[in-house]
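Peer 1: Here you go, one structure.
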Amino acid sequence: MSQTNHQKFIACLQSTGRVGKSIFAETLIHWLNFAGVPFAGIDSDAEHRTLSSRHKEISFFNAVESPDNFVKLIGGIPPTPVVIGDFPAQATGFLLENWNIYNVSEVLAAKGTRLVNIIFAADDQTAQISAARILAQFGDSSDYLIVRNPARARSDEFNKLGLYKALQKAGAREITLPTILAATLAQVQEVAKARQAYVTLDEAAKDPSFPMINRFDIEAFQNKVMAQLEDTADILLPDIGLIKSRIVRKGKVDQGQIDPFNL
């Protein structure tokens, strides 16, 4: 569980692909901005540079190019309450090896920084093995957030693993990404095609050509995810008092209580 700290370093060190890492990161950033929580980030994905190309708070630095660069990253982590690290999908081996060689957990603890490992629940064996390696290496020196994305990755077998039980024992929290309509994602691609550039969900939804019903779909997705992030803020933030704006929760209508003859 979390100890007293001054900063959270949120990163996915797991070897994963096509599980929704970018959409999760986008929504995390959207929530931090909405909540008024100061943050910064380092994008080390040289191939895509998705976050650094879209968000002014995220800078590009190829920390996985060499051990020298990795050490520079750790030594130069920005002083904001939250820092997001974005690494290539297949960099687990490099990251864990160098994390161990340079005793990074001890270095971060001395600075009052605590790692939050994002673990995607997936039945993919590579993702499971890398998640197990992460848990074995970090143990209780890290917090864990399990992210489920049923639209992109099944997790039935993941739920049966000793890994899942061990993560729960380590105090892991969970969120689930709701499904975005295929028609909405198609409209996002239309905006990206027109601009000839990658666009975030936010950018697409604000485009004048974007259909209103698909905009509401994106808003519903973001609100559901942000509500879950707010509920797990005790591990995502060094202090939940940093939250300046909270999500308005919409109550569900109890259909069983509706009497058509007495409305």
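The values are calculated or read from the model by the stated rules, or taken from the named source; none is laboratory data. Just so it is clear, the model here is predicted, and its values are computed rather than measured. A quick note on method: Cβ atoms are made from the backbone with ideal geometry, for glycine too, and the neighbour counts reach across all protein chains shown.
Peer 1: Only residues that are aromatic (Phe, Trp, Tyr) and either without any contact (Cβ under 8 Å) to a residue 40 or more places away in the chain or part of a helix (DSSP H, G or I) (or both): list them for the range 87-109, please.
Peer 2: Passing the criteria: Phe94, Trp99, Tyr102.
Peer 1: Would you mind telling me which numbered condition in (1) under 26 Å from Thr50 (Cα atoms); (2) outside any helix (DSSP H, G or I); (3) touching a residue at least 60 places away in the same chain (Cβ under 8 Å); (4) not hydroxyl-bearing (Ser, Thr, Tyr) Gln222 fails?
Peer 2: The failed condition is (2).
Peer 1: Let me ask you something else. Looking at this structure, is Ala122 at pLDDT below 95, among the aliphatic types (A, V, I, L, M), over 29 Å from Asn33 (Cα atoms) and touching a Phe, Trp or Tyr at 6+ places or on another chain (Cβ under 7 Å)? Steps first, answer last, please.
Peer 2: Working: at pLDDT below 95: yes; among the aliphatic types (A, V, I, L, M): yes; over 29 Å from Asn33 (Cα atoms): no; touching a Phe, Trp or Tyr at 6+ places or on another chain (Cβ under 7 Å): yes.
When the stated conditions are applied, Ala122 does not pass them.
Peer 1: Considering only residues of the range 141-177 that are closer than 23 Å to Glu219 by Cα and over 14 Å from the mean Cα position of the chain (by Cα), which is surrounded by the most Cβ atoms within 10 Å (Cβ to Cβ)? Full working, then the answer.
Peer 2: So the first thing to find is which residues in the range 141-177 are closer than 23 Å to Glu219 by Cα, and the list is 145-153, 174-177.
The next check asks that each one be over 14 Å from the mean Cα position of the chain (by Cα); those that pass are 150-153.
On the way: Pro150: 13, Ala151: 14, Arg152: 17, Ala153: 21.
Only one residue tops the list, namely Ala153.
Peer 1: Name the one entry in Gly41, Gly139, Gly112 that is touching a strand residue (DSSP E or B) at 6+ places or on another chain (Cβ under 8 Å) and at positive phi. Don't jump to the end; show me each part of the working.
Peer 2: On the way: Gly41 fails: at positive phi; Gly139 fails: touching a strand residue (DSSP E or B) at 6+ places or on another chain (Cβ under 8 Å).
When all the criteria are applied, what remains is Gly112.
Peer 1: Please find, within the range 206-219, the residue that is surrounded by the most Cβ atoms within 10 Å (Cβ to Cβ) out of those that are of a type outside the set (Gly, Ala, Ser) and outside any helix (DSSP H, G or I).
Peer 2: Here the residue is Phe210.
Peer 1: Quick one: is Asn103 of a type outside the set (Gly, Ala, Ser), modelled with pLDDT of 95 or more and surrounded by fewer than 18 Cβ atoms within 10 Å (Cβ to Cβ)?
Peer 2: It is true that Asn103 is of a type outside the set (Gly, Ala, Ser), modelled with pLDDT of 95 or more and surrounded by fewer than 18 Cβ atoms within 10 Å (Cβ to Cβ).
Peer 1: If you don't mind, another one. Six or more apart or on different chains, Cβ under 7 Å: which pairs go from a residue in the range 181-199 that's under 16 Å from Thr50 (Cα atoms) to one that's in a helix (DSSP H, G or I) and among the β-branched types (Val, Ile, Thr)? Could you list them?
Peer 2: Listed by first residue and then by second, the contacts come to Tyr198/Thr50; Val199/Val188; Val199/Val191.
Peer 1: A further question follows. Would you point out the residue of the range 56-86, among those that are farther than 16 Å from Leu13 by Cβ, of a type in the set (Gly, Ala, Ser) and part of a loop (DSSP other than H, G, I, E, B), that is modelled with the lowest pLDDT?
Peer 2: Among those residues, the one meeting the criterion is Gly76.
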